[in-house]
Amino acid sequence: MPLDIHGILLLDKPLGLSSAGAVARVKYLFNARKAGHTGSLDPLASGLLPICFGEATKFGAQLLEADKTYRVTVRLGERTASADRESDVIETRTLPGFSREQLQQALAVFPRDYSQVPPMHSALKQDGKPLYQYARAGITRERAPRAITIHDLQLLDWQAPDLSFDVRCTKGAYIRVLAEDLAAQLGTIGHLAALRRIAVAPFAAERQWSFATLESLSVMQRREALLPVDAALGAWRRFDLPVGGVSAFRQGQTVSLVGESPGLPGTVRIYAEGLGFLGLGEIEAAGLLKPLRLISSAANRA
């Protein structure tokens, strides 16, 4: 029988596996009742895929909204219909002799705030169908551009025709589109040759777990690999709720903080002595604490 397991696993997703497939495999390994990923990775991409179990799924939106960092390889001088290795090369161009300095400059001046047009080979839906189904039928649909922000671009290597760099960007960025746009800025064409996600804020330096390692562990050791339910919520300040307000808060009631020192209004992580993390709340200017998202007592971890 599946178990109620709570926490976050930082999975190192392998190539060739969909995010949904990765979740199904992880659920089986942990014998977990409930789990979900927090921002998909294509089968052609590897790397960090945070998977939330149980009560941690209530806070998955925070990871969906978080900045992501990718290690990218773009093959310049070649274009594919899908802008990645999923389809065949349909156009080639002779490359000029780019220097490392030229490529560093191109990354430095690339627009940090710009609008991307989602690729036709994507899961974005129109009229109930993902765009890639239209693309495979030879149909092109109009797509509304979406605004994204590139926070950082760092050149790693240039071994013609392959350009490698790290990019930190906001949610919703299509790295395939970035690859084509960067190639266009360089006066050529290009496609995404390799992609690995190396960070999802706030997770970067923490250990990531491969399936090979997880499968070598005992059931108890796998459970020990999980981060606590509140691991992704460090952006909000901590507030320790006095014992007198715990019962009302856990019942979803607004709690008066008159006589306490709640600090400035805003969203806070709520903890209680002996109980650990209780959920997220909103401190209002009137000195009231309003519950926003609560977790069950079974998932509390100090």
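The values are calculated or read from the model by the stated rules, or taken from the named source; none is laboratory data. Remember, predicted model here, so these are calculated numbers, not experimental data. All Cβ positions, glycine included, derive from the backbone under ideal geometry; neighbour counts span all protein chains shown. Surface areas here come from the heavy atoms of the whole protein model, side chains and all, with no ligands, DNA or RNA. Shrake-Rupley method; radii C 1.70, N 1.55, O 1.52, S 1.80 Å.
Below, the figures for the structure above:
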quantity	calculated
Mean Cα-pair separation over length for region 15-97, i.e. relative contact order, pairs under 8 Å, 6 or more apart, %	21 percent
Spacing of the two label points (7 Å from each Cα toward its C-beta) at R293 and A184, in nm	3.6 nm
Nearest-10 value in Å² for the accessible area of D88, using the 1.4 Å probe	130 Å²
Residue-by-residue Karplus 3J(HN,Hα) for region 188-199, coefficients 6.51, -1.76, 1.60, Hz, glycine and proline x	9, 10, x, 8, 6, 9, 7, 8, 9, 8, 10, 7
Region 25-127: trypsin sites (Lys or Arg not before Pro) falling in loop per DSSP and having at most 13 other Cβ within 10 Å	R33, R112
Accessible surface, 1.4 Å probe, highest first, among residues S261, S297	S261, S297
Using θ = phi - 60° and Karplus 6.51 cos²θ - 1.76 cosθ + 1.60, couplings along region 36-47 (whole Hz; Gly, Pro as x)	x, 8, 10, x, 6, 10, 4, x, 7, 10, 10, x
Integer Hz, Karplus 6.51/-1.76/1.60 couplings in order for region 147-157, x for Gly and Pro	7, 10, 10, 9, 7, 7, 9, 10, 5, 10, 7
The chain - percent of accessible surface contributed by carbon and sulfur, probe 1.4 Å	50 percent
Potential lengthening between H151 and R136 on full extension [0.36 nm per residue; Cα-Cα distance subtracted]	2.1 nm
Charge tally in the Cβ shell below 15 Å around Q104, where Lys, Arg are +1 and Asp, Glu are -1, Q104 excluded	-3
In the chain, lysine pairs closer than 29 Å at Cα, eight or more apart or cross-chain	29
Accessible area in the full protein assembly, largest first, 1.4 Å probe, for E215, E86, E55	E86, E215, E55
Choice from G97, G54, G234 with maximal GNM fluctuation in the chain (Cα, 10 Å cutoff)	G97
Accessible solvent surface per residue of region 192-302, calculated while the other protein chains remain in place, 1.4 angstrom probe, Å²	52 Å²
Calculated FRET efficiency for the pair A144/S247, C-beta based, R₀ 45 Å, to 0.05	0.40
Spin-label model distance (nm) - A61 vs S99, 7 Å beyond Cα toward Cβ	5.1 nm
Gain on full stretching of the segment that runs from R85 to L275 - 0.36 nm per residue minus C-alpha separation	63.4 nm
FRET E, pair Y114, R207, Förster distance 41 Å, beta-carbon r, rounded to 0.05	0.75
Accessible area per residue, Å², region 1-159 with all protein chains present, probe 1.4 Å	51 Å²
Heavy atoms of E65 accessible to a 1.4 Å probe, total area in Å² rounded to 10	110 Å²
Structure-derived mean projected area of the Cα convex hull in nm² - corresponding label in [x] 21.8; [y] 15.0; [z] 19.4	[z]
